[in-house]
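Peer 1: Got a structure here, written out as structure tokens. Questions coming.
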Amino acid sequence: MTGFAGFDVSRETMERLELYAELLRKWNPRINLVSKTTIQELWTRHFLDSAQLIEIAPRVSRYWVDLGSGGGFPGLVLSIIGQERGLPRHVTLVESDARKAAFLRTVIREADLPARVINDRIENIPGLGADVVSARALADLCSLIGYADQHLLPGGTAIFPKGARWEKELADAQSKWNFAHRLDKSITEDGPVILSVTGVSRV
């Protein structure tokens, strides 16, 4: 086994992640996949921050939908790690920006991943029936739970990394939606958390 930032993966997985990193650095100056301030901390701020979700996800997360994927975080990282762990078996990445969607498809092709890209707005897509839905730095929690309600299977789980203002977002969401939630601290920063949401229904 090898790994990055304390996260153990196989040599084959590491090679795919390195390929992904190389492509991201090549494309980033043209389409701004990640901010210039975080590109130097790519392995911690983006790769490890995404990889930690696989430890939180239910063990039945066969089909994973990542909303507003941007540069592919967390969806592409989870698809790469899923090659080794067997879950998720398939990842759909939803991205409305055509240039970013083209980048995502390039990584999927070059790394030979069981994943696909839908280049459209989230609200335009019929329900995807996912075991797990994720979104990172996309929208407020109330909006995200609405998307989860649209695209999760009954009994599915939504996983949303949230920043230091998560408590206000949680209170706002609870005024409009019924749901159960679990909190896990992020392993990459103090303050941010990862919210796992189940049992979503409207108030």
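Only the coordinates and a few stated rules stand behind these numbers; no lab work does. Predicted, not measured: the structure shown is a model, and the values here were computed from it. For neighbour counting, all protein chains shown are included, and Cβ atoms are generated from backbone atoms with ideal geometry for every residue, glycine included.
Peer 1: Would you mind telling me which residue in 126, 192, 154 has the biggest mean-square fluctuation in a Gaussian network model of the chain, where springs connect alpha carbons within a distance under 10 angstrom?
Peer 2: 126
Peer 1: Can you figure out the FRET efficiency of residue 43 with residue 176, using R₀ = 30 Å and their beta-carbon distance, to the nearest 0.05?
Peer 2: The value I calculate is 0.20.
Peer 1: Sticking with this structure for a sec: Test of understanding: in a Gaussian network model of the chain with alpha carbons linked when under 10 Å, which of 162, 100, 176 would top the mean-square fluctuation ranking?
Peer 2: Evaluated over the chain, the most mobile residue of the options is 176.
Peer 1: OK, next. From the backbone phi of the stretch 85-101, what are the Karplus-calculated ³J(HN,Hα) couplings (6.51 cos²θ - 1.76 cosθ + 1.60, θ = phi - 60°) in whole Hz, Gly and Pro given as x?
Peer 2: Using θ = phi - 60°, the values come out as 8, x, 9, x, 7, 9, 10, 10, 10, 9, 8, 7, 7, 4, 5, 5, 4 Hz.
Peer 1: Can you give the net charge of the other residues whose Cβ lies under 12 Å from the Cβ of residue 32, counting K and R as +1 and D and E as -1? Display every interim value, and only then the final one.
Peer 2: Working: positive: 30, 36, 99, 100; negative: 97.
So the surrounding residues net to +3.
Peer 1: Here are several values of Cα extents along the principal axes in Å: (1) 48, 44, 33; (2) 46, 35, 32; (3) 57, 38, 32. Which one was derived from the coordinates shown?
Peer 2: Step by step, Cα extents along the principal axes in Å for this structure corresponds to label (2).
Peer 1: Expected output is a single nm value to one decimal: the length gained when fully extending between residue 183 and residue 36, i.e. 0.36 nm times separation in residues minus the C-alpha distance. What is it?
Peer 2: Full extension of this stretch gives 50.0 nm more.
Peer 1: So what's the net charge close to residue 163: Lys and Arg +1, Asp and Glu -1, counting the other residues with Cβ under 12 Å from its Cβ?
Peer 2: Summing Lys and Arg as +1 and Asp and Glu as -1 gives -2.
Peer 1: For every helix of n ≥ 4 consecutive DSSP H residues, a contribution of -39,500 (n - 2.57) applies; sum these over the chain, divide by its total residues, and give [θ] at 222 nm rounded to the nearest 500 deg cm²/dmol.
Peer 2: Values: 6 runs with 70 residues, N = 203.
My calculation for the chain gives -10500 deg cm²/dmol from helical runs alone.
Peer 1: Quick check: net charge around residue 128, other residues with Cβ under 14 Å of its Cβ, Lys/Arg +1 and Asp/Glu -1? Walk me through the numbers on the way to the answer.
Peer 2: On the way: positive: 62, 116, 121; negative: 66, 95, 120, 123, 131, 149.
Counting the neighbours of residue 128, the net charge comes to -3.
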